[in-house]
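Colleague: Take this structure first; my questions come after.
The values are calculated or read from the model by the stated rules, or taken from the named source; none is laboratory data. Computed from a prediction, not measured in an experiment: that's the story for all the values here. Here the Cβ positions follow ideal geometry from the backbone for every residue, glycine too, while neighbour counts run over all protein chains shown.
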Amino acid sequence: DGGITQSPKYLFRKEGQNVTLSCEQNLNHDAMYWYRQDPGQGLRLIYYSQIVNDFQKGDIAEGYSVSREKKESFPLTVTSAQKNPTAFYLCASSRGGAQPQHFGDGTRLSIL
Amino acid sequence: GQQVMQIPQYQHVQEGEDFTTYCNSSTTLSNIQWYKQRPGGHPVFLIQLVKSGEVKKQKRLTFQFGEAKKNSSLHITATQTTDVGTYFCAGPLAAGNKLTFGGGTRVLVKP
């Protein structure tokens, strides 16, 4: 069954800690994306990647880092430099830049 | 800067009534997409419109792409409680690289 898997579903971060959110897809999509959603708000693009070993900053990249070593995987690291990380993080993939996106179930990150 | 705007931000609808939500772009779009996010869930792709003036229907939902390809609308007839959620439109503002999402219309249904 093809889709996008995000893990964990819930994550807690301590002060000064880096945490990594996992995103794996088996849709054979070239493009992958990370969004941040705050309560009652829209989607804000953090990073995106249109091909393996390449990625670009989105609108709110500060305090985050990504890698794209495999087509299937696009992990997001929330670094200690991100002072307000509490949010719902959504990963998505698509066949290409302007094509419809498929979203994972998301990860809810909170501060301990 | 270039952006996609949605109005209204909130829509309170009596069950059984119709309503329309609108999406406006600052630039011409090659396509417009609509997504629905249920409370606590993730956005789910509903439909893509490509042609100027295109109209597509999905049961009680009617989607329209404007003649100038800068705006779109979603009309829901006979609203049901299952229609609750946030509806996002999205389009590629810059040539071929990524989608820009509107802020969404949050729909609440009064039984």
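Colleague: Can you find, within segment A:14-45, the residue that is farthest from the other protein chains (Cβ to nearest Cβ) among those that are among the hydrophobic types (A, V, I, L, M, F, W, C) and not in a loop (DSSP other than H, G, I, E, B)?
Modeller: By that ranking, first place goes to A:Val19.
Colleague: Considering only residues that are within 14 Å of chain A (Cβ to nearest Cβ) and surrounded by 14 or more Cβ atoms within 10 Å (Cβ to Cβ), which ones fall in segment B:47-72?
Modeller: Residues satisfying the conditions are B:Ile47, B:Gln48, B:Leu49, B:Lys56, B:Phe63, B:Lys69.
Colleague: Check B:Ile32 against each of (1) within 14 Å of the chain's Cα centre (by Cα); (2) at the interface with chain A (Cβ under 10 Å from one of its Cβ atoms); (3) closer than 21 Å to A:Arg95 by Cα; (4) at pLDDT 95 or above and name the one condition it does not meet.
Modeller: (2)
Colleague: Here's something else I'd like to know. Given A:Ala61, A:Ala98, A:Ala92, A:Ala81, which one is modelled with pLDDT of 95 or more, assigned to a loop (DSSP other than H, G, I, E, B) and in contact with a strand residue (DSSP E or B) (Cβ under 9 Å, 6 or more places away or on another chain)?
Modeller: A:Ala61
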